[in-house]
Every structure is written in structure tokens, then in C-alpha cells.
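The values are calculated or read from the model by the stated rules, or taken from the named source; none is laboratory data. Nothing here was measured: the structure is a model prediction, and the numbers come from that model. Here Cβ is always computed from backbone atoms with ideal geometry, including for glycine, and neighbour counts include all displayed protein chains. Calculation scope for accessible area: heavy atoms of the full protein, side chains included, ligands and nucleic acids excluded. Shrake-Rupley method; radii C 1.70, N 1.55, O 1.52, S 1.80 Å.
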Amino acid sequence: VTVLGTGVSATRSTPLSLSVIPVTSGAPALAQSTGATETTTATSLAATFPNPTTAGNLLVLSASVYTGATNHITSITDSAGNTWTRVGAFIVASHNSDGEMWYSPNAASVTSVTVHLASAATVALGVQEFSGIAALSALDVSAGTANTSGAATTGPTAGTTANELAVGFVAGHANAEAMTATAPGYTVQAQRTSTGSVASVVTGYKVLSAGSSESFTATFGTAMYWAAGIAIFRAAN
């Protein structure tokens with residue numbers, strides 16, 4: 001940097017040190033989670049977060065709906081009026097059960113999230129709040145399926161880059177037994193089980209170290225109706 005004056009001998013130069021600090025985004029991370037269960041059928045079920053969520057974070061809801069084959073979730077609402085998009089609803093025909101995943105990216109701060117149905121059914125749900133996710137085009141890829149057996153799997157889907165976030169769930173129906181998540185590297189949230197016409201859901205997440213093929217899996221002692229889904233979300237730039 002050189003400063004020039006107007007006098008005959010007013011030229012001075014001084015060396016300066018310049019430090020450039022790059023702006024980086026942290027890897028995706030779980031901020032908090034919540035969930036809800038019920039003891040009887042209803043047309044809605046709400047879950048309340050321990051603390052208000054942070055504006056701009058990603059919200060992901062996974063739900064198990066018993067008698068949901070022809071009674072899918074009609075909408076998700078929250079205390080801030082965010083827009084929710086369904087990743088998928090996974091059923092086996094005539095099994096009267098349903099597993100669904102929904103998400104709201106770049107969400108305004110909320111305190112509660114509510115599932116809505118057209119007809120009364122039993123629901124169990126889990127909701128996670130994640131930081132470090134892209135505000136636009138957050139969802140990269142997804143997969144899911146449903147069946148009857150003693151083990152559940154979403155089927156594979158491939159992340160494309162490092163630092164993406166994989167979120168998976170398994171929903172169980174008509175059986176209250178424990179579902180043990182077996183997908184390697186996933187941090188698992190507690191299973192949530194509604195009584196009566198039993199619906200259960202277990203969820204997990206993983207920050208990918210590289211683009212890779214991912215699936216979320218679980219086992220249980222007795223064969224039952226199940227549904228499973230996985231979604232991979234892009235990290236913030």
C-alpha cells in the first residue's frame with residue numbers, strides 16, 4: 001500500500017501483512033430430536049422439541065402409521081408454518097401399514113410439529129433437527145421399501161459427495177418388539193412405540209465421509225410388517 005502526497009518529498013511506502021480467513025461451513029450435525037406416541041387412534045399427533053429449533057436448519061420427520069395403506073399422512077404442519085415435503089411413503093399392499101419420511105429445509109424456528117391423517121389411525125413418529133444442510137435443493141437422493149420379515153432394509157441409494165447427511169428409519173407394525181438398527185456408522189435415536197394397534201419407529205443418521213452407497217437396516221426377533229426409508233441431504237456450501 002503506497003500513500004502519495006502532493007508535496008515535493010511526501011512519498012512514503014509501508015509494508016502490510018494481509019491474512020485471509022476462509023469462510024467454511026461445519027459438517028452436518030444433529031441439533032436435537034423429539035418424537036411422539038399415542039395409546040389410541042387419532043387424526044393428528046404432535047411432537048414438541050425440547051428447545052425452539054434454529055432458523056435455517058433442516059427438519060426431518062419419520063413416521064409409522066398402522067392402518068395406513070389407504071390412509072397416508074395428508075400433511076405435516078408446524079408452529080412456524082414451514083413447508084414440508086414427503087420423501088416417500090412405503091407400504092405392502094393389504095398389509096394396512098405405512099412408513100413415511102418428510103422434510104422441511106431452511107426452516108423457520110419451530111417448537112412443535114404435527115402429523116395429520118384423513119382418518120383416525122395409530123402413529124408413532126420421530127423428528128430431528130440438523131444444522132449444516134443446504135438451504136436450497138437440500139435433498140440429493142432417497143430410497144425405501146416395505147415387506148414382511150425379521151429384518152428390514154431401505155435398499156441402497158448412493159450419496160455423491162463427502163459431508164452429505166444420510167437419515168434413515170424403520171417402521172414396525174402390529175408388534176411392539178424392539179427393533180435393533182444394524183446399519184454401520186449410524187447414530188440411532190430411541191425407538192418410539194405407540195400402543196393399541198401397535199406402530200413403532202426407529203431412526204438414525206450418518207455424516208458421509210465420501211460419496212458412498214448407503215442403506216438403513218434393522219432386525220427384530222419375530223417377523224412383522226415393516227417399512228423403511230432413507231434420504232441423503234446435501235451439506236451447506
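Miscellaneous remarks
- The order of the peptides 212-220, 144-152 by mean Cβ neighbours within 10 Å, most packed first, is 212-220, 144-152.
- At an R0 of 22 angstrom, the distance between the Cβ atoms of Leu30 and Arg86 translates into a FRET efficiency of 0.55.
- Remark: the chain carries 44 Å² of accessible area per residue (probe radius 1.4 Å; ligands, DNA and RNA excluded).
- Debye intensity ratio in log₁₀ form over the Cα atoms of the stretch 36-91, taken at each q of 0.17, 0.18, 0.19 Å⁻¹: -0.68, -0.76, -0.84
- Three-way shape label, the stretch 102-237, alpha-carbon gyration tensor, a/c 1.5: oblate
- Here the simple spin-label model places points 7 Å from the Cα toward Cβ, and for Thr222 and Thr70 these points are separated by 2.7 nm.
- A Stokes-Einstein calculation at 4 °C with viscosity 1.567 mPa s, built on the Kirkwood radius of the chain over Cα pairs, returns a diffusion coefficient of 69 µm²/s.
- Taking label positions 7 Å along the Cα-Cβ direction at both Thr39 and Thr187, the computed distance is 3.3 nm, reported to one decimal.
- Nearest-0.05 FRET efficiency for Thr195 and Ala46, computed from C-beta distance (R0 22 Å): 0.80
- Radius of gyration and Dmax over the Cα atoms of the stretch 163-210, both given in Å: 12.5, 42
- Computed from the Cβ-Cβ distance with R0 of 35 Å, the FRET efficiency linking Ala93 to Thr160 stands at 0.60.
- Kirkwood-Stokes translational diffusion coefficient of the stretch 39-146, alpha-carbon pairs, 37 °C, 0.692 mPa s, µm²/s: 231 µm²/s
- Surface share of carbon and sulfur [accessible, 1.4 angstrom probe, percent] for the stretch 82-237: 50 percent
- P(r), alpha carbons of the stretch 188-237 - 5 Å bins starting at zero, rounded %: 4, 12, 24, 22, 15, 10, 7, 4, 1, 0
- Between Ala135 and Ala210, the modelled labels are 3.2 nm apart [label points 7 Å from Cα along Cα→Cβ].
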